[in-house]
Each structure stands twice: as structure tokens, then as C-alpha cells.
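These notes are about the structure you will find just below.
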Amino acid sequence: MSAVIKKELKSYYNSTMGYIITVVFLGLTSWLFFKTFFLYGEASMRGYFNMLPVIFMLFIPAITMRQWAEERKLGTIEVLFTLPLKDTDILLGKFFASYIFLLVMLALTITVPLSIALVGSPDPGEIVSGYFGAILLGGAYLSIGLFASSLTSSQIVAFILGLIFSFALFIVGETFVTVTLPPSIAPLVRYFGLGYHFDSIARGVIDLRDLTYYLAVMVVFLYLTYIVIKERR
């Protein structure tokens, strides 16, 4: 697994794509946050974390789109399967490599809370819980993106599929969707929303149900990816 992780991380940082994704992510999130930050006059990162579910929906499929699709397009997936590696080693190696890449991106956003601290006194608990929620949310999006990438040999198609799957799981928990449902099933449908659980954690409420949900999403989509690559083998 460690060999796969090293290989995938090198592919991120040996190409311009990894740097482009990182720079655009940092620039876009900082600009969107700070353009309204001073209008509210509140030293808080709540607005920053509120936009992360949508930002992740756009950027994480770009991180994962090449993981399996490029292997199939270039024909290197056959070579990968002939190596003395288990399918789970390959799968988890790719997942953890993309997770590390995402964590580096999140770590670089430390300039945002530091900038806020220069003009006010932000709540450290809110910041910590927000980043914790972002890590869980990111893991869920990554597992979805890897599954999408395993279905095709085209990176563009993989990106679009990842975006569609992520959007479907995000939108299902939104209020404007659940208010149209009968009260008896609305809470159940809302529970499946990626953003719904993130909002709870970002407010500082660490609930076991939210943790279970994100871990379940990761396990389910990684297992679906495992089935796909097993069939490919």
C-alpha cells in the first residue's frame, strides 16, 4: 500500500495539475470568503466552512478523476494488476494518496484563521470542529470520486460522474428538498445528505451519528470501487 501511495503522490506533484488544483482552490475559497468577511464584522470562519461542501463538490472530482481512468486509458492498469499487490492495497493506496493531497490543501488554508486572528478573536473550538468536519466530508467525496473514476477510461467522464454522484448525495439533504416530503420520511431523507451532517459538525456539535454516516459513505463507495476493479481484473 505504501508503494502505491508514494506512486500516486508523485503523480500529483510531478505534474502541473496538482499545483493548479491547489492554487485555484486556495485562491477561490479565500476570495469568496474575504469578499464578504468585513461586511459582517464578525471574526468567524462560519462562512468559510459553509461554502466548503459546494467547493469540495467541484474540486475533489478533479483530484480523483485520473486515479483509475488514466490507468485504463494508458493500459497501465494491466501492469498494476500483475504486481504482487492485493486489490485492497491498490484501492486503499490510491484513496489515502488522494486523502493526503487533500489534507495538504486544507493545511495550506491555515492562513485564513491566522488572518482572522489579526483583526479579531475567532472561536478556536469552531475552527477545530470545522476542519474536522471538512476532513470527514472530504473523505466521503474522495470515495465517491474514486468510484466514478473506476467506471470509465475518460477523465472528463470520471469528473462529470463524480460531480453528479456528489451533487445527488448533497442535494438530498437540503431543506428545499426535504420540505416537499411527508414529515414521516423527511428526517430519514435528510440523514443521507452530505451537507446536512457537515453543518452539524461545523457548528461544534460532534455527534456519533454524523461520524458514522461519513465513515459509512467511505466504506460503501470504496467497496463499490473494489467490486468494479475486481471485475476488471
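Values in this text are rule-based calculations from the coordinates and carry no lab data. Bear in mind that the values here come from a model prediction, so they are computed numbers and not experimental data. Here Cβ is always computed from backbone atoms with ideal geometry, including for glycine, and neighbour counts include all displayed protein chains.
Give the distance, in whole Å, between the Cα centre of region 13-38 and the Cα centre of region 66-95. Centre-to-centre distance over Cα atoms comes out at 29 Å.
For the chain, the spread of Cα positions along the three principal axes, ordered from largest to smallest, is 58, 46, 28 Å.
Sorted on the mean count of surrounding Cβ atoms within 10 Å across their residues, most packed first, peptides 59-70, 168-179, 216-227 read 59-70, 216-227, 168-179.
If you fit an axis through the alpha-carbon atoms of helix 2-13 and take the longest principal axis of the Cα set of the chain, what angle between them do you get, 0 to 90°, nearest 10? The helix 2-13 is inclined about 70 degrees to the chain.
For the chain, the number of Lys pairs with C-alpha atoms closer than 20 Å, counting only pairs eight or more positions apart or on separate chains, is 12. Using only Cα atoms, find the angle between the long axis of helix 87-108 and the longest principal axis of the chain, and express it within 0 to 90 degrees, rounded to the nearest 10. So the inclination is approximately 30 degrees. Considering only F38, F147, F192, the mean-square fluctuation computed in a Gaussian network model of the chain, springs between alpha carbons under 10 angstrom, is largest for F38. Rounded to the nearest 10 degrees, the inclination of helix 16-40 to the longest alpha-carbon principal axis of the chain is 10 degrees. The listed peptides 93-101, 205-213, 181-189, ordered by packing as a protection proxy, come out as 93-101, 205-213, 181-189 (highest mean of other Cβ atoms within 10 Å first). For the chain, modelled as a GNM whose springs connect Cα atoms under 10 angstrom apart, the maximal fluctuation among T29, T16, T109 occurs at T16.
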